[in-house]
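Just below is one structure, and these are the notes that go with it.
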Amino acid sequence: MLLCKWEKLPEKLRVPEVRKYYDILMKKSCNLIIKRIFDVTVSLFLLLFLSPAFLVLALAIKIDSKGPILYRQIRITQYGKKFKIHKFRSMYDGAEMKGLLVTTHEDNRITKIGKVIRRWRLDELPQLIDVFLGTMTFVGVRPEVPKYVEVYSREMMATLLLPAGVTSLTSIYYKDEANILINTDDINRTYIERILPEKMKWNLKGVEQFSFWGDIKIMFMTFFAMCGKDYHAEDINGL
């Protein structure tokens, strides 16, 4: 997972605001190599170990509503490249054509089984495939849709130096962002003007302070957060 040379980065990333983060990551090349080895080894193991659970969830989704088992949507990953993310479908087929790109807990497009798997983040299990392929990593900035990447500031582009992640500091701190969105009249505007800048503050902090062992700690924090533990800014500041 070594970074490419600065001169080969996309033009949008070759700006002074990104160079600071690039130089920091270049000094952590060993951590990046270990991170990739960890991603491949653990994702392959989990794909094999969890295959029975994949089968059960696939059957539940198929029985609950019509449509494909997996949901594929274009997201943005390292260097601004597009890829189709793997997720278990938690909404009615074609739901993305009938509403906003962000969802809330009360979104009527979510299926019955979808509410269950979203609560426990089981819909994200197929992203193990993306981690194995290298389009994602276990810990990194959550992959956004192109529409939201287009409004990134020059500094925010630094989050595209590494592959998109399954979890991150932001995933922990903003695990209940849907509760914020449900209380607004203009969800897209609230997300772009209020939530995205705050999330990016933590995302950039994660890039700046990246370390392999830091990633391991965030993975454990994610597990405990899924089990109900609440984390606050002061907890994350301690990383």
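The values are calculated or read from the model by the stated rules, or taken from the named source; none is laboratory data. Values in this document were obtained by computation on a predicted structure and should not be read as measured data. In this analysis, Cβ positions are derived from the backbone assuming ideal geometry, glycine residues included, and neighbour counts consider all displayed protein chains.
Remarks
- Qualifying residue in the range 64-78 (condition: touching a residue at least 60 places away in the same chain (Cβ under 8 Å), of a type in the set (A, V, I, L, M, F, W, C) and part of a strand (DSSP E or B)): yes
- Close pairs from the range 42-60: first surrounded by 13 or more Cβ atoms within 10 Å (Cβ to Cβ) and of a type in the set (S, T, Y), partner assigned to a helix (DSSP H, G or I) and modelled with pLDDT of 95 or more, Cβ under 8 Å, at least 6 apart: S43/L128; S43/I129; S43/V131; S43/F132
- The set of residues from the range 145-166 being surrounded by 21 or more Cβ atoms within 10 Å (Cβ to Cβ) and either of a type in the set (D, E, K, R) or outside any helix (DSSP H, G or I) (or both) comprises L162, P163, A164, G165, V166.
- Answer residue from the range 2-31, given it is without any contact (Cβ under 8 Å) to a residue 40 or more places away in the chain, of a type in the set (A, V, I, L, M, F, W, C) and assigned to a helix (DSSP H, G or I) and is surrounded by the fewest Cβ atoms within 10 Å (Cβ to Cβ) among those: C30
- Looking across the range 107-117 at every residue that is touching a strand residue (DSSP E or B) at 6+ places or on another chain (Cβ under 7 Å) and at pLDDT 90 or above, the one that is surrounded by the fewest Cβ atoms within 10 Å (Cβ to Cβ) is identified as I110.
- Any helices (runs of 4 or more DSSP H) falling wholly within the range 172-239 and containing at least 2 residues that are surrounded by fewer than 16 Cβ atoms within 10 Å (Cβ to Cβ) and modelled with pLDDT of 90 or more: 196-208, 212-226
Quick grid of which residues meet (1) modelled with pLDDT under 95; (2) among the small types (G, A, S):
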{"residue": "M1", "(1), (2)": "yes, no"}
{"residue": "E7", "(1), (2)": "no, no"}
{"residue": "L25", "(1), (2)": "no, no"}
{"residue": "A53", "(1), (2)": "no, yes"}
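- In the range 186-204, the residues that are of a type in the set (S, T, Y) reach residues that are in a helix (DSSP H, G or I) with C-beta atoms within less than 7 angstrom, at least six apart or across chains, in these pairs: T190/L181; Y191/L181.
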